[in-house]
Amino acid sequence: MQITSLAQIQAALLSGELTAIDLVSSYLDRCAETKSHNAYVEIFEEEIKIAAQTLDEKIKNNKDKLGPLFGAVVSIKDNLCYKDHLVTASSKMLDGFVAPYSATIVERLIEADAMIIGRTNCDEFCMGSYNETSYYGPVKSAIDPTKVSGGSSGGGAVSVALGTCLVAIGSDTGGSIRQPAAYNGMVGYKATYGSISRWGLIAYGSSLDVIGFIAPHTEDITKVLTVVAGRDEYDSTSIDIPNAVQKEEITTLKIAYSSKVMNDPELKAELRQGAREYIVKLKAAGHELVDVDLKYEDYYVPTYYILACAEASSNLSRYDGIRYGHRSAEDVDDYKELIWKSRAEGFGSEVKKRIMLGTYVLSQGYYEAYFLKAQQVRTLIKEHTDELLASHDVLLMPVTTSLPKAIGEQKDPIQSYLSDRCTVLANLCGLPAISYPVYNIEGAAPLSMQLITASKQDNYLLAVSQALLSL
Ligand code: GLN
């Protein structure tokens, strides 16, 4: 049977046409066939088989107790704690670390009868845009294995695109869900800041980090969101969001976009052309498109990287080989040397670079010039974007500035940071955003576009993108 949505799986499980054990076995077979993509760092094979047997028994004897996500097989990014399972943020620093408790999202998924198939590869501590900084090696694109998968949730995007699970749970600090989803032709959604608890998510930039999902379409994303969103006593930044919106409630939209951004020569020609054609399509469908001035656009990337690195340098200071993380086996004279050696051995070069940048912008004499300034600019960006979204339904943006490159091809870190210019806005402002494929490019990943809405309008955003996806 061709599995495309949770609704189909649940109907087939209830009618007896499919058993959970057969469903899980077919996903596990797919994991084995596609192992060379390196999407997973661990597959919970025995465990998910037991979960499937338990589900089959529940379907037989206890149908009325079934959770809303029964039959949903999900992958989780290697930065989400799952009690008694390894979790490493794909870093040598945490190699062998066993989570002492489960993330709230993991608990909510299991309570809703979802089944977790494994943990997916990602950039080390989620720092990167191509999933090439992982301690476990790069993830290969689902569309062309010679190309990068995108990052940092590259493993998650590829796990879904290759059909090894229904939904991937990832995290997005500056585009890590939307960009790999786009590179692999999937839908990638990041939540409003705080709407999904971060308890049990390994921190990168705490004021930017959010959880989100990658799936072939928005319908299943909405279902998962309904189960996992909302306040959590373990995360004081967590909030409730309004309920699901019906697709039928979406009529004509007032869509803001920036022709300056879409026509920027920095954007690959195919992406510019695709964006132009998509705008024509939206207008033809009756939507009003308003060309707006994103006046702080030049500051998105510098502001993001100053703040993300500053927060990372603070969050990652806990990995000292004493309280947490890899401990150097070399002879040392004192605890300081132990910390230096442990950190030097445990962290990869991208992470070290960010820790140094972050420490620099937070240090005396530079704090006011960089960190404080970036905070102030962030406020200006947020106020401007909020104003824009108060008078428009959605903001339409590209997702990426380039098409997926060959593995190892992107060597210039500045180019890599600049490629995040379209995704970091939503994180700086804490807004919900989604990327979805709109335009096929011969022999390559389809072109995706991105929509951003006002804070807490996640369900509205999902309904809008579902309506626009079918254009
Ligand atoms: N590419 C961005 C970075 O490296 C975003 C990563 C993310 O969202 N985790 O910071």
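How big, on average over all directions, is the shadow cast by the Cα convex hull of the range 202-331, in nm²? Write down the numbers at each step before the final one.
Details: hull surface 54.2 nm².
Its Cα hull, projected and averaged over all orientations, spans 13.5 nm².
Give me the mean projected area, in nm² to one decimal, of the convex hull enclosing the Cα positions of the range 248-396. Walk me through the numbers before you get to the answer.
On the way: hull surface 54.8 nm².
Computed as one quarter of the Cα hull surface, the answer is 13.7 nm².
Which entries in the list 336/411; 295/373; 77/147 go over 25 Å, if you measure between the two C-alpha atoms of each? Display every interim value, and only then the final one.
Numbers: 336/411 33 Å; 295/373 17 Å; 77/147 20 Å.
Checking Cα-Cα distances, 336/411 exceed 25 Å.
With a probe of 1.4 Å, find how much accessible area the range 32-92 has per residue, and write the answer as a whole number in Å². Display every interim value, and only then the final one.
On the way: 2900 Å² over 61 residues.
Roughly 48 Å² per residue, with all protein chains present.
Give me the one-decimal nm value for the distance between modelled label points at residue 234 and residue 65, 7 Å along each residue's Cα-to-Cβ direction.
Each label point lies 7 Å from its Cα, and together they span 2.4 nm.
By how many nm would the segment from residue 29 to residue 57 grow when fully extended, if each residue of separation counts as 0.36 nm and the alpha-carbon distance is taken off?
Values: separation 28, 0.36 × 28 = 10.08 nm, distance 2.25 nm.
Going from the current span to full extension adds 7.8 nm.
Hey, rough spin-label estimate for residue 383 and residue 352, points 7 angstrom out along Cα→Cβ, what's it come to in nanometres?
Placing both labels 7 Å along Cα→Cβ, they lie 4.2 nm apart.
Taking a probe of 1.4 angstrom, what is the accessible area of residue 382 in Å², to the nearest 10?
About 70 Å², ignoring ligands and nucleic acids.
Can you give the accessible area of residue 368, probe radius 1.4 Å, in Å² rounded to 10?
110 Å²
Would you list, by chain and number, the aspartates and glutamates whose Cα falls below 19 Å from the Cα of residue 254, excluding same-chain residues fewer than 8 positions away?
Qualifying aspartates and glutamates at Cα under 19 Å: 277, 288, 291, 293, 386, 387, 393, 458.
Taking Rh as the Kirkwood radius, which is the inverse of the mean 1/r over Cα pairs, what is the Rg/Rh value for the range 1-92?
Working: Rg = 14.6 Å, Rh = 14.6 Å.
Ratio of gyration radius to Kirkwood radius for the range 1-92: 1.00.
Put one equal scatterer on each alpha carbon of the range 191-261, apply the Debye formula with no solvent term, and list log10 I(q)/I(0) at q = 0.15, 0.17 1/Å to two decimals.
-0.67, -0.80
Can you give the convex hull volume per residue for the Cα atoms of the range 246-312, as a whole number of Å³? Intermediate values should be presented prior to the final figure.
Numbers: hull volume 9.6 nm³, N = 67.
Enclosed volume per residue, from the Cα hull, is 144 Å³.
Quick one: pull the percent of accessible area on the range 107-178 belonging to carbon and sulfur, 1.4 Å probe, ligands and nucleic acids left out.
Numbers: 740 of 1460 Å².
Carbon and sulfur atoms account for 51 percent of the accessible area of the range 107-178.
Excluding residue 359 itself, what net charge comes from residues whose Cβ is under 13 Å from its Cβ, given Lys and Arg +1 and Asp and Glu -1?
Working: positive: 343, 352, 353, 354; negative: 311.
Net charge around residue 359: +3.
Measuring with a 1.4 Å probe in the full set of protein chains, what accessible area per residue, in whole Å², belongs to the range 391-463? List each step's numbers first, then the result.
Working: 2180 Å² over 73 residues.
Roughly 30 Å² per residue, with all protein chains present.
At a Cα cut-off below 20 Å, give the aspartates and glutamates reachable from residue 63, other chains included and same-chain residues fewer than 8 away excluded.
Straight-distance partners of residue 63: 17, 22, 111, 113.
Below 8 Å between Cα atoms, with a sequence gap of 6+, how large is the relative contact order for the chain in percent? Each step should come with its number before you reach the end.
Values: 1045 pairs, mean separation 79.1, N = 471.
Worked out over the chain, it gives 17 percent.
Ignoring everything but the protein chains, give the 1.4 Å probe accessible area of residue 326 in square angstrom, nearest 10.
So the heavy atoms of residue 326 present about 40 Å² to solvent.
Rg and Dmax in Å for the range 139-191, alpha carbons only: what are they?
My reading of the Cα-based Rg and Dmax gives 9.5, 31 Å.
If the convex hull of the alpha-carbon atoms of the range 322-409 is projected onto planes in all directions, what is the mean projected area in square nanometres?
Numbers: hull surface 42.8 nm².
Computed as one quarter of the Cα hull surface, the answer is 10.7 nm².
Beyond 42 Å, what share of the Cα-Cα pairs of the chain is found? Please give it as a whole percent. Numbers along the way, then the final one.
Working: 13597 of 110685 pairs.
Roughly 12 percent, once rounded to a whole number.
Among the lysines, which have Cα under 17 Å from the Cα of residue 49 when same-chain residues fewer than 8 positions away are ignored?
Within the straight-line limit of under 17 Å, residue 49 reaches these lysines: 58, 60.
With N set to the number of residues, divide the alpha-carbon radius of gyration of the range 329-471 by 2.2 N^0.38 Å and report two decimals.
Details: Rg = 20.6 Å, N = 143, 2.2 N^0.38 = 14.5 Å.
Ratio of Rg to 2.2 N^0.38 Å for the range 329-471: 1.42.
What per residue convex hull volume, in Å³, comes out for the range 89-238 when only alpha-carbon positions are used? Provide the component values of the computation, followed by the final result.
Details: hull volume 15.1 nm³, N = 150.
It is 101 Å³ per residue.
On a full-extension model of 0.36 nm per residue, what is the gain between residue 406 and residue 340, subtracting their alpha-carbon distance, rounded to one decimal in nm?
20.3 nm
Tell me the mean residue ellipticity at 222 nm calculated for the chain from its helices only (DSSP H runs of n ≥ 4, each -39500 (n - 2.57), averaged over every residue, nearest 500).
The helix contribution divided over the chain gives -11500 deg cm²/dmol.
Would you mind calculating the gained length between residue 295 and residue 252 on full extension (0.36 nm times residue separation, minus the Cα-Cα distance), in nm to one decimal? Intermediate values should be presented prior to the final figure.
Working: separation 43, 0.36 × 43 = 15.48 nm, distance 2.62 nm.
Answer, rounded to one decimal: 12.9 nm.
Give the share of C-alpha pairs in each 5 angstrom bin for the range 262-348, from 0 to the last occupied bin, in whole percents, shortest bins first.
Spelled out bin by bin, the range 262-348 gives 3, 11, 12, 11, 10, 8, 7, 7, 8, 8, 7, 5, 3, 1, 0 percent.
Report the label-to-label distance for residue 324 and residue 4 in nanometres (one decimal), using points 7 Å from each Cα along the Cα→Cβ vector.
4.2 nm
How long is the range 228-267 along each principal axis, judged by its Cα atoms, biggest number first, in Å?
Principal-axis extents of the Cα atoms in the range 228-267, largest first: 47, 31, 13 Å.
The values are calculated or read from the model by the stated rules, or taken from the named source; none is laboratory data. Just so it is clear, the model here is predicted, and its values are computed rather than measured. Counting neighbours? That spans all protein chains shown, and the Cβs are built from the backbone with ideal geometry, glycine included. For accessibility, only protein heavy atoms count, side chains too; no ligands or nucleic acids. Shrake-Rupley method; radii C 1.70, N 1.55, O 1.52, S 1.80 Å.
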